[in-house]
1. Can you tell me how many residues in the range 116-125 are open to solvent by less than 30 Å² (accessible area, probe 1.4 Å) and in contact with a helix residue (DSSP H, G or I) (Cβ under 7 Å, 6 or more places away or on another chain)?
2. Give the number of residues within the range 23-69 that are assigned to a helix (DSSP H, G or I), touching a strand residue (DSSP E or B) at 6+ places or on another chain (Cβ under 6 Å) and either buried (at least 21 other Cβ atoms within 10 Å of the Cβ) or free of Cβ contacts under 8 Å to residues at least 60 places away in the same chain (or both).
3. Residues 143, 152: which one is in contact with a Lys or Arg (Cβ under 7 Å, 6 or more places away or on another chain), without any contact (Cβ under 8 Å) to a residue 40 or more places away in the chain and either surrounded by 12 or more Cβ atoms within 10 Å (Cβ to Cβ) or under 20 Å from residue 96 (Cα atoms) (or both)?
4. Being part of a helix (DSSP H, G or I) and closer than 26 Å to residue 19 by Cβ is the filter here, so list the residues in the range 77-127 that pass it.
5. Looking at 73, 67, can you tell me which residue is in contact with a helix residue (DSSP H, G or I) (Cβ under 8 Å, 6 or more places away or on another chain) and among the hydroxyl-bearing types (Ser, Thr, Tyr)?
6. Sort through 92, 109 and tell me the only one that's touching a strand residue (DSSP E or B) at 6+ places or on another chain (Cβ under 9 Å), closer than 18 Å to residue 150 by Cβ and surrounded by 14 or more Cβ atoms within 10 Å (Cβ to Cβ).
7. Which pairs do you get when a residue that is within 15 Å of residue 53 (Cα to Cα) and of a type in the set (Lys, Arg), found in the range 1-22, comes within reach of a residue that is open to solvent by 100 Å² or more (accessible area, probe 1.4 Å) and modelled with pLDDT of 95 or more, reach meaning Cβ atoms under 6 angstrom, with the pair 6+ apart or on two chains?
8. Looking only at the range 139-180, filter to residues that are hydroxyl-bearing (Ser, Thr, Tyr) and more than 17 Å from residue 37 (Cα to Cα); which one of those is farthest from the chain's Cα centre (by Cα)?
Amino acid sequence: MKQMETERCILRAWSEKDVDDMYAFAKNVKVGPSAGWMPHQSREESFEIIKMFIESGEVYAIVEKASQKVIGSIGIHERYPDEKMKELKQREIGFVLNPEFWGQGLMPEVVQRVLKHCFEDLMLERVWVGHFDDNLKSKRVIEKVGFKYAFEKAGVAKALGNKPTKTLYYYMDLADSSVN
């Protein structure tokens, strides 16, 4: 994974040493359910997720420079929200942030840096992002960064006890990005 920086954050690979930082935000009821997973019940659960992130190589730890603490994550996943466009070189990003850092403009800063990486380094043609219809914080980030609304899909969040969901999907193409 390529380490990246923004003005206030470092994006780097996860380390098993990050377990306390992850657990601090992953146990918060405001975080997981908005992203489709239950709040973590133990440090061990956070540790297992970190090991999965390390193995996948798709998810970055977001480290606040000032505190050197992991305050969230952002993944670049091989997913295809629109199966009809599978021929495009594309990925879907997903992100979470510790609620203590909400409203400071950190996530738009991080997403913009990841988009630059996606278009310049990974040479993607399209980047997707989605949010549950009731997740207005993520919607605000997505709109701030300049994604275009595409469609919505009904689904079921298995990790949330088969809760019915509605996900709104947005995209950005290389031509729409600021790196073009």
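1. Filtering the range 116-125 for residues open to solvent by less than 30 Å² (accessible area, probe 1.4 Å) gives 117-119, 124.
Filter once more, keeping what is in contact with a helix residue (DSSP H, G or I) (Cβ under 7 Å, 6 or more places away or on another chain): 119, 124.
So the answer is 2.
2. Residues of the range 23-69 assigned to a helix (DSSP H, G or I): 23-26, 32-35, 43-56.
From the residues that got through so far, the ones that are touching a strand residue (DSSP E or B) at 6+ places or on another chain (Cβ under 6 Å) too are 35, 53.
Filter once more, keeping what is either buried (at least 21 other Cβ atoms within 10 Å of the Cβ) or free of Cβ contacts under 8 Å to residues at least 60 places away in the same chain (or both): 53.
Number satisfying all stated conditions: 1.
3. Values: 143 fails: in contact with a Lys or Arg (Cβ under 7 Å, 6 or more places away or on another chain).
Going through 143, 152 in turn, the sole match is 152.
4. Filtering the range 77-127 for residues part of a helix (DSSP H, G or I) gives 83-85, 99-101, 106-121.
Within the range 77-127, 99, 100, 101, 106, 107, 109, 110, 111, 113, 114, 117 meet the criteria.
5. Values: 67 fails: in contact with a helix residue (DSSP H, G or I) (Cβ under 8 Å, 6 or more places away or on another chain).
Just one listed residue meets the conditions, 73.
6. Details: 109 fails: closer than 18 Å to residue 150 by Cβ.
Of the residues listed, the single one that is touching a strand residue (DSSP E or B) at 6+ places or on another chain (Cβ under 9 Å), closer than 18 Å to residue 150 by Cβ and surrounded by 14 or more Cβ atoms within 10 Å (Cβ to Cβ) is 92.
7. Short answer, once both residue conditions are applied: 12/3.
8. So in the range 139-180, the residues hydroxyl-bearing (Ser, Thr, Tyr) come out as 149, 165, 167, 169-171, 177-178.
With the extra rule that they be more than 17 Å from residue 37 (Cα to Cα), the set shrinks to 149, 169-171, 177-178.
On the way: 149: 17, 169: 13, 170: 13, 171: 14, 177: 18, 178: 20 Å.
Step by step, filter the range 139-180, then rank; the result is 178.
The values are calculated or read from the model by the stated rules, or taken from the named source; none is laboratory data. The structure displayed is predicted, hence computed values, not measured ones. Don't worry about glycine lacking a Cβ; one is built from the backbone with ideal geometry, like all the others, and counts go over all protein chains shown. The protein model used for the area step is the full one, side chains on, heavy atoms only, and it has no ligands, DNA or RNA in it. Shrake-Rupley method; radii C 1.70, N 1.55, O 1.52, S 1.80 Å.
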